[in-house]
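Novice: I'd like to ask you about the structure that follows.
The values are calculated or read from the model by the stated rules, or taken from the named source; none is laboratory data. This structure is a prediction, so every number in the text was calculated from the model and none was measured. In this analysis, Cβ positions are derived from the backbone assuming ideal geometry, glycine residues included, and neighbour counts consider all displayed protein chains.
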Amino acid sequence: MRRAQDLKEKVKMIIMAPVKKPSQKLDLIDDIQRLGVSHHFENEIEELLQQIHNSSSHDSTESGDQETDNELYTAALRFRLLRQQGYNISCDIFNNFKDGDGNFKESLVNDVVGLLSLYEATHLRIHGEDILDEALTFTTTHLESATHRLSPILLKQVTHAMWWKDLDFVNKLPFARDRVVESYFWASGVHFEPQYYFARRTLCKVTALLVIIDDIYDVYGTHEELELFTEAVERWDISAMDHLPEYMKICYQALLDVYVEIEENLANEGNLYSIHYAREAMKVQVRAYFREAKWLHQKYTPTMDEYMSAALDTSYFMMATTSFVGMGDIATKDSMDWVFNDPTKMVKAASLIGRLIDDIKSHQFEQKRGHVASAVECCMKEYGATEEEANVELSKQVNNAWKDINETCIQNTTIPMPLLLRILNLARAIEVIYKHDDGFTHAGIFLKDSVVSLFVEPVPL
């Protein structure tokens with residue numbers, strides 16, 4: 001503890017050390033934030049960014065930052081850091097990088113570090129900032145064409161920044177929901193702590209892909225195609241892709257690639273055993289999706305017992321298992337067995353909460369687009385209940401499931417609390433995302449404000 005405190009004091013001194021131009025500290029701030037330790041230096045970073053903002057608000061010649069304003073990397077980094085901190089800094093600075101015809105200068109094409117900095121800055125644009133829309137197109141085009149000539153470190157940065165963009169599911173699979181932002185919102189609710197950045201990133205990527213797979217089973221795939229995809233996931237081998245239709249090949253390749261990436265990271269940590277559980281959980285999920293697809297194909301309304309048996313697999317069992325991946329030594333093999341092999345009361349309760357809240361909020365929309373019967377329809381048919389009565393009964397089950405979760409947290413003596421918190425946080429996130437409606441499907445209506453509040457707007461003081 002003493003060592004850590006000494007290091008923090010040294011970093012504070014470095015942050016606050018006087019320099020000729022405050023903008024010289026931009027890289028330091030960026031490094032601290034990327035390392036996930038900025039919460040130790042919030043006051044110092046705020047004070048420094050205030051100085052940088054004040055200097056950029058004055059004439060650049062007077063502030064000594066004229067050179068900075070004409071260097072793409074630093075100008076874009078300053079813009080991004082200030083926007084992230086809540087400063088309403090103008091994007092006009094990027095006009096300095098345009099030629100007489102109003103296009104971005106061709107000389108920028110060779111400045112890959114600057115392009116990457118500008119690419120990251122464009123993701124903080126607001127309505128009406130056309131120059132940043134243009135910058136996004138410009139940087140995307142030239143970063144993609146530059147990957148063959150980058151150093152390994154810079155290539156890794158570019159690849160990480162453009163991961164979802166490169167998959168291009170929006171154009172390749174236009175029928176599916178593009179929910180990477182919402183997936184990160186969800187993952188951040190499960191793993192908000194800085195030290196779990198890899199677990200957070202893993203859960204985000206798997207969730208974003210799961211949304212695509214869900215839409216393939218629910219919306220687009222024929223019964224025969226879904227059978228092929230289910231068999232391919234069971235095999236979990238690149239050769240299985242040969243039997244899939246083209247649109248499924250895109251998704252299947254992305255699925256295998258994500259798990260290879262996870263496995264490579266786990267190998268560095270020495271926790272390779274957890275990838276087996278993650279893959280098997282995905283197989284369980286896909287089998288349950290196919291079971292529901294068969295019910296829809298057969299126009300069969302299952303009993304409540306049949307439905308809940310499948311529903312507990314198609315909701316949050318897979319996400320609960322995946323949430324342990326990347327949490328380091330605390331996620332032991334015994335812990336992975338606990339969450340996967342014999343799901344306990346807590347895991348089942350969290351899965352039930354996720355499934356039933358989803359069904360209550362989304363079943364009307366889902367039935368209009370041709371979806372397997374939800375818990376609401378199953379309950380209505382089996383018990384002769386009205387829709388309102390079914391919703392009341394299912395809500396009672398949700399309330400009871402919360403009691404099961406609370407009891408586990410109080411009575412647990414074997415599973416470390418940080419792991420139990422992942423299960424708890426999954427259920428908490430469901431309550432937020434489905435508070436008013438299906439916020440995941442209709443994110444622009446029901447979830448946008450929450451995402452903006454968490455990632456964009458500063459906390460009011």
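Novice: Here is a check on your reading of the model: is Ser351 touching a residue at least 60 places away in the same chain (Cβ under 8 Å) and closer than 20 Å to Tyr184 by Cα?
Specialist: Criteria not met by Ser351.
Novice: If I filter region 169-181 for residues that are farther than 18 Å from Leu256 by Cα, charged (D, E, K, R) and modelled with pLDDT of 90 or more, do I get at least one hit?
Specialist: Step one: of region 169-181, the residues farther than 18 Å from Leu256 by Cα are 170-171, 174-179, 181.
Add one more test, that the residue is charged (D, E, K, R), and what stays is 177-179.
Subsequent filtering for residues that are modelled with pLDDT of 90 or more retains none.
No.
Novice: Moving on. Can you give me the number of residues within region 95-122 that are assigned to a helix (DSSP H, G or I), over 15 Å from Arg78 (Cβ atoms) and among the acidic types (Asp, Glu)?
Specialist: Going through region 95-122 one residue at a time, the tally reaches 1.
Novice: Still on this model: Please verify whether Gln5 is among the polar types (S, T, N, Q) and either under 24 Å from Glu129 (Cα atoms) or at pLDDT 90 or above (or both), treating the condition exactly as stated.
Specialist: Answer is no for this residue.
Novice: So which of Ser335, Ser323 is part of a helix (DSSP H, G or I) and closer than 30 Å to Val219 by Cβ?
Specialist: Details: Ser335 fails: closer than 30 Å to Val219 by Cβ.
None of the other options fit; the residue is Ser323.
Novice: Taking region 308-335 only, how many residues are modelled with pLDDT of 85 or more and farther than 30 Å from Glu269 by Cα? Even if it seems obvious, please write down each step before you answer.
Specialist: Residues of region 308-335 that are modelled with pLDDT of 85 or more, as a first pass: 308, 317-335.
Filter once more, keeping what is farther than 30 Å from Glu269 by Cα: 308.
Adding up the residues that qualify gives 1.
Novice: Going through region 181-220 one residue at a time, which ones are free of Cβ contacts under 8 Å to residues at least 60 places away in the same chain and among the polar types (S, T, N, Q)?
Specialist: Within region 181-220, Ser183 is the sole residue that qualifies.
Novice: Residue check: is Tyr316 within 30 Å of Asn391 (Cβ to Cβ), hydroxyl-bearing (Ser, Thr, Tyr) and surrounded by 15 or more Cβ atoms within 10 Å (Cβ to Cβ)? Steps first, answer last, please.
Specialist: Details: within 30 Å of Asn391 (Cβ to Cβ): yes; hydroxyl-bearing (Ser, Thr, Tyr): yes; surrounded by 15 or more Cβ atoms within 10 Å (Cβ to Cβ): yes.
So Tyr316 fits the description; yes.
Novice: Sticking with this one: For a quick check of your reading of the model, give me the residue pairs whose first member lies in region 258-277 and is within 21 Å of Val339 (Cα to Cα), whose second is modelled with pLDDT under 90 and not in a helix (DSSP H, G or I), with beta-carbon atoms closer than 9 Å and at least 6 apart or on different chains.
Specialist: Correct list of pairs: Glu263/Leu272; Leu266/Leu272; Tyr277/Asn341.
Novice: Check whether at least one residue in region 362-372 is surrounded by 15 or more Cβ atoms within 10 Å (Cβ to Cβ), at pLDDT below 85, assigned by TED's automatic domain parsing to the domain that holds His223 and not in a helix (DSSP H, G or I), and report yes or no.
Specialist: Just the residues of region 362-372 that are surrounded by 15 or more Cβ atoms within 10 Å (Cβ to Cβ), to begin with: 362-363, 366, 371-372.
Checking which are at pLDDT below 85 leaves us with 362-363, 366, 371-372.
Right, trim to assigned by TED's automatic domain parsing to the domain that holds His223 and you get 362-363, 366, 371-372.
Filter again for not in a helix (DSSP H, G or I), leaving 371-372.
Among the residues of region 362-372, at least one is surrounded by 15 or more Cβ atoms within 10 Å (Cβ to Cβ), at pLDDT below 85, assigned by TED's automatic domain parsing to the domain that holds His223 and not in a helix (DSSP H, G or I), which makes the answer yes.
Novice: Follow-up. Just to be sure before I move on: is Thr74 polar (S, T, N, Q), exposed (fewer than 13 other Cβ atoms within 10 Å of the Cβ) and either part of a helix (DSSP H, G or I) or free of Cβ contacts under 8 Å to residues at least 40 places away in the same chain (or both) in the structure I sent?
Specialist: On the way: polar (S, T, N, Q): yes; exposed (fewer than 13 other Cβ atoms within 10 Å of the Cβ): no; either part of a helix (DSSP H, G or I) or free of Cβ contacts under 8 Å to residues at least 40 places away in the same chain (or both): yes.
Spelling it out, it is not the case that Thr74 is polar (S, T, N, Q), exposed (fewer than 13 other Cβ atoms within 10 Å of the Cβ) and either part of a helix (DSSP H, G or I) or free of Cβ contacts under 8 Å to residues at least 40 places away in the same chain (or both).
Novice: Return the residues of region 284-333 that are without any contact (Cβ under 8 Å) to a residue 40 or more places away in the chain and closer than 19 Å to Leu419 by Cα; say none if nothing qualifies.
Specialist: Matches in region 284-333: Phe317, Thr332.
Novice: Name the residue, out of Gln51, Gln24, that is of a type in the set (S, T, N, Q) and either at pLDDT 80 or above or closer than 24 Å to Leu454 by Cβ (or both). I'd like the intermediate steps shown before the answer.
Specialist: Working: Gln24 fails: either at pLDDT 80 or above or closer than 24 Å to Leu454 by Cβ (or both).
Exactly one residue qualifies, and that residue is Gln51.
Novice: Might you check whether a residue that is closer than 24 Å to Gln50 by Cβ, small (Gly, Ala, Ser), at pLDDT below 90 and out of contact with any strand residue (DSSP E or B) (no Cβ under 8 Å at 6 or more places or on another chain) occurs anywhere in region 90-107?
Specialist: yes
Novice: When only residues in region 202-254 that are outside any helix (DSSP H, G or I) and not hydrophobic (A, V, I, L, M, F, W, C) count, which is surrounded by the fewest Cβ atoms within 10 Å (Cβ to Cβ)? Lay out the reasoning, then the answer.
Specialist: From region 202-254, those outside any helix (DSSP H, G or I) are 221-222, 236-237, 244-245; that's our starting set.
Add one more test, that the residue is not hydrophobic (A, V, I, L, M, F, W, C), and what stays is 221-222, 237, 245.
Values: Gly221: 23, Thr222: 11, Asp237: 9, Pro245: 13.
Going through the qualifying residues, I end up with Asp237.
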